[in-house]
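K.L.:
To start, I am sharing the structure in question, which I have written as structure tokens.
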Amino acid sequence: MNRKIYNIVSFLFVVLLLSACQSQNNAQKATAKHNKKITYIYLIGDSTMADYTGNYEPGKDYMKVRYPITGWGQVFQPFFVKDSLASLKPGLITDSVVIIDRAHGGRSTRTFFQEGRWRSVYEHLQPEDYVIMQFGHNDGSEKHTERYVNIEGYKEFLRLFVNQTRQKGGFL
């Protein structure tokens, strides 16, 4: 009878041990999934980098209204698929990259800031995220006074974007 109890206790101990190991393994996998590093790349600028799909013009179908107009930001995400990330090391070490395109046609550095588009990026920016800027031709268009920025103003807005990105620990 003692031998039978010993076998049952031994069996239960092994089951308990295996169960504990499996739980720890599941916890490690859950932690690894939870701790995946996602790098965000924010695109700020004008029509040249804008993404015209999605909600660019609320209520309007891109394929009917804008196609084939395409900003380069619209086709940027595919360059950061998982199998491409290894080729970006050591410059970029991450589990995944998400492109957030905030560019909008007709924007200068000043109008991008005044419309709150920069604030939206700044509030979400995390350390080691990236900001890619592309401004210029709308800033220099004197005939469009609603968006024109003189050289000194243009430099100041660029400095603001750069300094605030660095303050947040981001890269340009």
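The values are calculated or read from the model by the stated rules, or taken from the named source; none is laboratory data. Please read all numbers here as calculations on a predicted model, not as lab measurements. Every residue, glycine as well, gets a Cβ built from its backbone with ideal geometry; the counts of neighbours run over all protein chains shown. The protein model used for the area step is the full one, side chains on, heavy atoms only, and it has no ligands, DNA or RNA in it. Shrake-Rupley method; radii C 1.70, N 1.55, O 1.52, S 1.80 Å.
K.L.:
Would you be able to tell me the number of residues in segment 85-103 that are surrounded by fewer than 20 Cβ atoms within 10 Å (Cβ to Cβ) and touching a Ser or Thr at 6+ places or on another chain (Cβ under 9 Å)?
P.N.:
The number of residues fulfilling the criteria is 8.
K.L.:
Filtering segment 110-135 down to residues that are at pLDDT 95 or above and of a type in the set (D, E), which residue is farthest from Q167 (Cα to Cα)?
P.N.:
E115
K.L.:
Show me the helices (runs of 4 or more DSSP H) found entirely inside segment 45-149 where at least 2 residues are within 24 Å of G170 (Cα to Cα).
P.N.:
It comes to 82-85, 109-114, 117-124.
K.L.:
Quick one: in segment 144-163, which of the residues that are open to solvent by 50 Å² or more (accessible area, probe 1.4 Å) and among the β-branched types (V, I, T) is nearest to the chain's Cα centre (by Cα)?
P.N.:
Filtering segment 144-163 for residues that are open to solvent by 50 Å² or more (accessible area, probe 1.4 Å) and among the β-branched types (V, I, T), the one nearest to the chain's Cα centre (by Cα) comes out as I151.
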